[in-house]
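Input: a single structure, listed below in structure tokens.
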Amino acid sequence: MKKFVILLLKCSFIISINTVYSQNKLTIEQAIATTLENNYNILLLKNDSTSFALDNSYAKAAFLPRVNATSNYQFNNNDQSQTFTDGTKRERDDVKSNNINASVQLNWTLFDGLKMFATKEKLAEFVELGSLNIRNQMVNSIATVTANYYNIVRQKQLLKAIEEQMNVNEERVNIAEQKLSVGLGAKPELLQAKVDLNAQKAARMKQLTLIEQLKEQLNQLMNVKLSSTYEVDDEIVFRSNIILAEVMTVAEKSNPALLSIKKNMDIGKLTLKERKADLFPTLSFNSSYNYSKVDNKTVVNPFQPLFSRNNGYNYGFGLTIPILNGFNVKRQIQQAQLDIDYLNLSYLNQKTQIDLSIINAYKDYELQKKMLALEEENILLAKENVFIAVERLRLGVSTFIELRETQKSLELAYDRLIAARYNTKLAETELLRLKGEIIR
């Protein structure tokens with residue numbers, strides 16, 4: 001038993017679960033890949049982006065002419081009565097005729113103040129905006145999944161810490177039983193040791209339930225079947241090459257939120273071009289081919305033909321000059337300019353907020369790294385202290401109260417160390433999210 005305690009307490013605090021599981025191992029890379037493929041929020045934005053791309057694929061149609069065809073085939077059956085200027089009257093019942101009319105019209109806008117060019121560019125910008133929206137959701141989703149995934153790792157490490165405390169409590173129970181059996185101990189010490197052991201068992205059950213709940217949350221984020229069984233990594237891995245100046249420089253060029261506002265500014269400028277185009281005349285080319293045929297079975301008016309057919313084409317140019325429309329175009333131009341000014345201010349505001357968030361996140365990141373280094377050192381001291389307390393208790397030069405106090409210190413050291421590791425990962429993830437390159 002002594003060798004077991006020495007091995008237990010002198011091992012370094014690198015949590016590893018050696019139990020053989022029947023479940024598959026889920027890595028953070030697999031969790032991220034599954035999220036990017038299945039997450040509902042990403043799929044919804046992909047649908048919007050596809051809609052933008054579809055509109056853009058037909059953007060060149062704005063430069064093409066419009067061609068329409070119409071036709072009509074009409075049957076007539078009328079009773080006619082006519083009175084002429086000389087007093088002559090003519091009447092005829094059941095006068096039958098049929099008419100055929102068909103035409104093809106072409107309308108081609110040749111100049112509209114360059115509005116069609118602005119519209120085409122605007123549709124292309126919407127496609128890029130859709131991609132940026134998807135990227136932004138990807139970055140946020142990856143950050144959320146990363147936090148959830150490593151929270152499971154964190155809880156696994158806490159579970160391991162609880163199990164190690166259970167082993168120490170089991171040793172306390174054994175020592176108490178041995179002392180009581182030889183008349184050197186007291187039963188309250190044995191009872192307290194068992195109470196503490198049962199408390200650790202209850203904590204272990206709660207920890208197992210919490211881990212399963214966090215896995216269900218991760219399943220929902222990945223949009224996979226709930227109650228899917230798998231294991232996650234045992235350790236939290238950090239990046240060591242994060243530099244504040246580099247993060248702030250890259251963020252302005254890669255942060256999806258900033259890039260989306262910039263893209264909306266570009267779209268706003270093109271909208272302004274569209275509005276200004278309404279001040280210019282519109283020149284169009286018009287042409288049509290017409291065909292008509294009238295077939296009267298009988299006529300009342302002798303000057304009315306029994307059969308008539310007309311076919312041919314015409315063409316020409318049309319010019320529409322805006323003169324006065326209640327100053328509506330002027331209002332729309334002013335409104336478009338106000339939208340651009342608003343987006344400008346929004347960009348500056350968002351940039352200052354992101355810069356501040358990066359600075360604060362980096363400070364938190366540095367703090368958590370320092371705390372982590374301190375707690376890595378502190379855990380070794382706490383483990384050694386528990387080892388000494390166990391040995392002193394075994395030799396009869398210490399009390400169960402002293403061992404309980406050292407156990408409590410070790411438990412708190414575990415909590416602080418695991419929290420420091422998780423908080424360091426959260427700070428790192430937030431920095432990468434603000435940087436906009438977390439998906440790399």
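Some points to look at:
- The set of residues in the range 204-229 that are on the phi < 0 side of the Ramachandran plot and either at pLDDT below 90 or among the basic types (Lys, Arg) (or both) comprises ARG204, LYS206, LYS215, GLN220, LEU221, MET222, VAL224, LYS225, LEU226, SER228, THR229.
- The range 220-256, subset of a type in the set (A, V, I, L, M) and in contact with a Gly (Cβ under 8 Å, 6 or more places away or on another chain), residue surrounded by the fewest Cβ atoms within 10 Å (Cβ to Cβ): VAL250
- Residue within the range 45-57 that is at pLDDT 80 or above and not hydrophobic (A, V, I, L, M, F, W, C) present: no
- Criterion: hydroxyl-bearing (Ser, Thr, Tyr), surrounded by 15 or more Cβ atoms within 10 Å (Cβ to Cβ), at pLDDT 80 or above and under 18 Å from VAL168 (Cβ atoms) - qualifying residue of THR424, THR406, THR429: THR406
- Some residue of the range 393-404 being farther than 20 Å from LYS160 by Cα, in contact with a Ser or Thr (Cβ under 8 Å, 6 or more places away or on another chain) and among the charged types (D, E, K, R): no
- Restricting the range 87-102 to residues that are surrounded by 15 or more Cβ atoms within 10 Å (Cβ to Cβ) and closer than 11 Å to ASN72 by Cβ, the residue that is farthest from the chain's Cα centre (by Cα): ASN99
- When ASP266, ASP295 are screened for being acidic (Asp, Glu) and modelled with pLDDT of 90 or more, only ASP266 passes.
- Looking across the range 66-85, the residues that are surrounded by 10 or more Cβ atoms within 10 Å (Cβ to Cβ) and hydroxyl-bearing (Ser, Thr, Tyr) come down to THR70, SER71, TYR73, SER81, THR83.
- Residue check, LEU180 among the aliphatic types (A, V, I, L, M), touching a helix residue (DSSP H, G or I) at 6+ places or on another chain (Cβ under 7 Å), in a helix (DSSP H, G or I) and free of Cβ contacts under 8 Å to residues at least 12 places away in the same chain: yes
Matching residues to (1) touching an Asp or Glu at 6+ places or on another chain (Cβ under 7 Å); (2) touching a residue at least 12 places away in the same chain (Cβ under 8 Å); (3) aliphatic (A, V, I, L, M):
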residue	(1), (2), (3)
ILE261	no, yes, yes
GLU274	no, yes, no
PRO281	no, yes, no
TYR289	no, yes, no
PRO305	no, no, no
ARG309	no, yes, no
GLY312	no, yes, no
GLY318	no, yes, no
VAL329	yes, yes, yes
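- The one condition in (1) farther than 30 Å from LEU279 by Cβ; (2) modelled with pLDDT under 90; (3) buried (at least 19 other Cβ atoms within 10 Å of the Cβ) that LYS115 fails to fulfil: (1)
Each row is one residue, and each column tells you yes or no for (1) in contact (Cβ under 8 Å) with a residue 60 or more places away in the chain; (2) surrounded by fewer than 14 Cβ atoms within 10 Å (Cβ to Cβ); (3) charged (D, E, K, R); (4) part of a helix (DSSP H, G or I).
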{"position": "MET138", "(1), (2), (3), (4)": "yes, no, no, yes"}
{"position": "ARG172", "(1), (2), (3), (4)": "yes, no, yes, yes"}
{"position": "ASP196", "(1), (2), (3), (4)": "yes, no, yes, yes"}
{"position": "THR209", "(1), (2), (3), (4)": "no, yes, no, yes"}
{"position": "LEU218", "(1), (2), (3), (4)": "yes, no, no, yes"}
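- Considering the range 305-325, the residues that are within 30 Å of THR88 (Cβ to Cβ) and either exposed (fewer than 11 other Cβ atoms within 10 Å of the Cβ) or under 55 Å from the mean Cα position of the chain (by Cα) (or both) include one that is modelled with the lowest pLDDT, namely PHE307.
- Residues located in the range 373-401, provided they are loosely packed, with under 14 Cβ neighbours inside 10 Å and not in a helix (DSSP H, G or I): GLY396, VAL397, THR399
- Selection count, the range 103-131, where residues are under 11 Å from PHE63 (Cβ atoms), aliphatic (A, V, I, L, M) and either in a strand (DSSP E or B) or over 51 Å from the mean Cα position of the chain (by Cα) (or both): 1
- Of the residues screened, ILE162 is not one that is under 20 Å from the mean Cα position of the chain (by Cα), under 29 Å from THR27 (Cα atoms), in a helix (DSSP H, G or I) and β-branched (Val, Ile, Thr).
The values are calculated or read from the model by the stated rules, or taken from the named source; none is laboratory data. None of these values were measured; they are calculated from a predicted model. Note: ideal-geometry Cβ built from the backbone for every residue, glycine included; neighbour counts use all protein chains shown.
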